Each structure stands twice: as C-alpha cells, then as structure tokens.
Amino acid sequence: MSALRKLAGQTAIYGLSSIVARFLNFLLTPLYTSKAVFAPDDFGVITYLLGWAAFLNIILSFGMETTYFRYTNSTSPPAPLPGRGGQFTPRVYGTAFHIVALIALVFTTVTALFAEPIASGIGYPAFTTSVLMLAITLGLDAITALPMARLRQENRPWRFVFVNAMNVGVNIVLSLFFLAYCMPKYNAGESNALIDAVYDPSFGVGYVFLAFLVASVVKALLLLPLWPSITTRDKTLVRPMLVFAIPLVFAGLAGMVNEMGSRVLLKYLLPAETADAQLGVFGACYKLAVLITLFIQAFRFAAEPFFFSRAHDPKGKETFARINNLFVAFCMSAFLVVMLFLDVFKWFIPNPAYWDGLRIVPIIMLANVFLGIYYNQSVWYKVTDRTRVAGTIALVGAVLTLVGNLALVPWLGYMGSAWATLICYATMAAVSYAWGQKHWPVPYNVSRVLLYMAGAVVIWWGAEQIDLSGALNYALRAAALLAFVAVVWRIERPDVRFN
C-alpha cells in the first residue's frame, strides 16, 4: 500500500471519531443558539469559558502526547529507552502518564478549593459551579490523553473510535435531554415528575458543562484498563522528557493565543455592555469553519505518528510535500463547499441575531488552511529535536495576535479578531517554511499551494458577483465547485499512487 493511501486510510478511520464526533457536537450549535435556549450573551459565557479551557488543556497535557510518540518512534531517541524504537515501551508510557496525572490532580484540587474567587475574578460570579465542572472535566481529559495516544501508537483506531464515540454520544444525549426536552417543556408549563426531579431552570448554561463532565467520566472509565500502574514510571526519564516537552508547552500556549485568544480578548476590548453578546455571535459563527478545522484535527491524529515513522525514509520528504498539496486541495474544496452555500449553512445558527457574524467565516476558514499548512511543516523541527523552534514561531504568532486584536478590534469590532487570526497563521506558515528549508528542506510546491488557495477564493468571489437566485444560483455554484474539484483531482491524481 502506498504511503499516501495508508495515511489517507488512517485519517479516515480516526475521522470517524474526530470528524464525525466533533461534527455531531457541532450539530448542537443550532440547539445552543436557538431563541428558546441561549441568547448571544449566554452563548458568550460558554465561548469565554471554553476559550480559557483551551489554554488550560495545553498546560495539563504538557506536551506528553508528542513526547510519547517521539520516544517510541525513533531509531535515535533523545534518551535511552527500555526497548527498541517504534515499539510500545511501558516505562515511557507510564512516566508520561504519571507526569500528566500529577499536574491534573494539582490543578483540579486547587480549582475546587478556589472555584468561587476564580469565577468572580473572571467576571462570572454566578457561574462558580460551571467553572468547577469545567476544571474537573479538563483534569479528566488530560489524564485520558495518554491512553488515547497509546491507542494511536498501537494502530488500534477502532478502539479509539469507540471511546470517542461514547464520549461524544453521552454529551449529545445529555445536552438534548436537558436543553431540548426539559427546558422547553418546563418553559411551556408541561413539567412532569422526571423534569421536576432533575431540571433546575436557574442552572442555565451549567447544563452544557454538566454534559461535558459526565461524558469525560465515561471516557475515563472506558480507558481505565490502559492506565499504567505506578511501578511503570521511570524517574530517569522524567527530566529528558520534560526537557523535550517544555518547549512544546510554550509553543502550545503561544499557539493557543492565536487560536483562542480572541475569545478572551474580545470580552475586554469590546464595549462592556455588548461584549458577551458580540462574543457569542463571534463564537457561533466561528464554528462554521468546522469542515476545515475538523479535517485538520483528524489529519493530525494520523499524521503525527506517520510523519515520525517516515522521517528517515529516503522518499519521506517527497511524500510530505505531496501530502501538503493534497491537504491544501482538500481544505480549499471544503472552503468552497461552505462559502458557495453559506446561505444554507447559516441555518445551523437558527437565530438571526447571530447572522451579522457570518462576515468572519471566509477569513477564519482561510486562516485555518494556513494553520493546517503550518502543522504539516512542523515535522521538520520535531524529527530534528528542534522543538524550541515551535515556541519561537508560535510566540511570533502570539505577538501578532495580541497586537492585531489590540489594534483592529477597537476599529473593526470582532472582524478585527478574524483578520488578526489570518495574519497570524499566514505569517507562522511562511516563517516555518523559510526556517525549515534551511535545516531540513522539504520540496514543497509553494506555487501549486498558492494557486489552489487563490483559485478557490476567486471562484467564491466570482459567484458572489453574479446576481442569481433559486435553483439556477445553486446549480451555478455547484458547477463551480465540481469544476474546482475536477481540476485539482486531475493534477493530484498521479501523486495519490506515490509510494
């Protein structure tokens, strides 16, 4: 089987849990944003708290997934291993797991003790319980990250799929129960014994975080057989693993400033009286970039162990370059699917009060394509143990994000955050490419990548200039999409058979 087909197959399998699962979560957006459930300011609270959660997740996982892959997929690991490279090594796994477990335990304990002042400090004293539930959820998710990484490492994607599916399924079922069943019946005066027993209307957005928490508990229980015993840890591995991981943590935090920093900054840069509502609009419309962001996530699940395993292959660099072409081609096809039919996709947010934010969608989608390109290129500093490069590049992006938001949000509102995100990710991809070509050159086809991106944008812009409506409008847009896909497939088809 060709390398590209193997990667495509693994991406598809992992996508059953990452793409499908997150897409099912995305389908909760119409529920959250409907007039009967959460107004924009309520959804703004959820968006803000989840923005902080993204930063905390980086700290709690502490780069141990990548560290685990690096230590088990190399013929020249950065520290002595108790087994041959590429095999499951219990002491590496146990050490990484217990590092994360200790950090998660300390974090959860501290948050439990100081939940009320923390909630007050971020401006949401009425949401203390939500803050506590979110903290416990993050701790559990961090602890389960290594068992999930082990499943990927051991090429057990179907177990991975099952665990993720159960996690998402529980979240969806509970969300539907509380928000689509209990809430409307209670509001309509149709309460019953079950609703009276479990539903409290004052809990509000807390039910979102309760669903997250219960789903994480189920996931942790399903992975319990993969939790290592305390005896599998190796103190001699702690220091070298931390040395390898710490730059990844700083890179992750800086990267998260780029990805989620706007959720936090907007609350303080927008007028106080409308900040939560505008943040809710921004957060809801940001989700319409889901087709690209979900593919990127699924691709990364499969690509990281794949890249490490092929790094020393004589044809490895050519393979990476061709993968990048296909990746961008797929992402820009997804861009056209959403943008050419945005008037359909917008109904995933059924409340028109959110629709003003649709202006950010093309900008955010293009930004995420650049982010995906950057992730593809990151192989060069990971396989050469230059993980500090990740921190440097991400720090450049973080500075651009902060400066961009501070400069543009007061002028353009949340549109300023969208433009700052695009500038940030495009710059990160360019810097990584230039730096990587000096130390571990990969023959990326830059002109082809830019042609795909520019071509998709021009097709979308052209369709917007044609004043048509009804079936003829949709037919023209569908034809434009199919033409783009056909041209790309004709160009890339020979590379799919590349071994």
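Work out the FRET efficiency for VAL485 and VAL217 from their Cβ-Cβ distance, taking R0 = 41 Å, and round it to the nearest 0.05.
The formula returns an efficiency of 0.45 here.
Suppose we take every Cα in region 385-499 and form the convex hull; what volume per residue is that in Å³?
In region 385-499, the Cα hull volume divided by residue count equals 150 Å³.
Past 20 Å, Cα to Cα: identify those pairs from LYS35/LYS346; LYS35/LYS219; LYS382/LYS438, in the order given.
Over 20 Å Cα-Cα: LYS35/LYS219.
So what is the relative contact order of the chain, in percent, for Cα pairs below 8 Å that sit 6 or more residues apart?
Relative contact order here is 24 percent.
For region 313-365, take every pair of Cα atoms, bin their distances at 5 Å starting from 0, and report each bin as a whole percent.
With 5 Å bins starting at 0, P(r) equals 4, 16, 20, 16, 11, 9, 8, 7, 5, 3, 1.
What full-extension length gain, to one decimal in nm, is calculated for ARG239 and ILE122 as 0.36 nm per residue of separation minus the Cα-Cα distance?
Numbers: separation 117, 0.36 × 117 = 42.12 nm, distance 3.45 nm.
Result for the pair: 38.7 nm of gain on full extension.
Tell me which of ALA104, LEU223, TYR93 sits at the most positive position along the dipole axis of the chain, charges placed on C-beta atoms (Lys, Arg +1; Asp, Glu -1).
Farthest towards the positive end: TYR93.
What full-extension length gain, to one decimal in nm, is calculated for TRP227 and TYR181 as 0.36 nm per residue of separation minus the Cα-Cα distance?
12.9 nm
Please give the per residue volume of the convex hull enclosing the alpha carbon atoms of the chain, rounded to a whole number of Å³.
Convex hull of Cα atoms, per residue: 155 Å³.
Hey, what number do you get for the chain at 222 nm if only DSSP H runs of n ≥ 4 count, each worth -39500 (n - 2.57), divided across all residues, to the nearest 500?
Computed mean residue ellipticity for the chain: -25500 deg cm²/dmol.
Report the one residue of THR33, VAL281, PHE55 whose Cα lies farthest in the direction of the positive end of the charge dipole of the chain (charges on C-beta: Lys and Arg +1, Asp and Glu -1; origin at the Cα centre).
The Cα lying farthest towards the positive end belongs to PHE55.
Quick note: the coordinates plus some simple rules give every number you see, no bench work behind them. Owing to the predicted nature of the structure, the values given are computational and were not obtained by experimental measurement. Here Cβ is always computed from backbone atoms with ideal geometry, including for glycine, and neighbour counts include all displayed protein chains.
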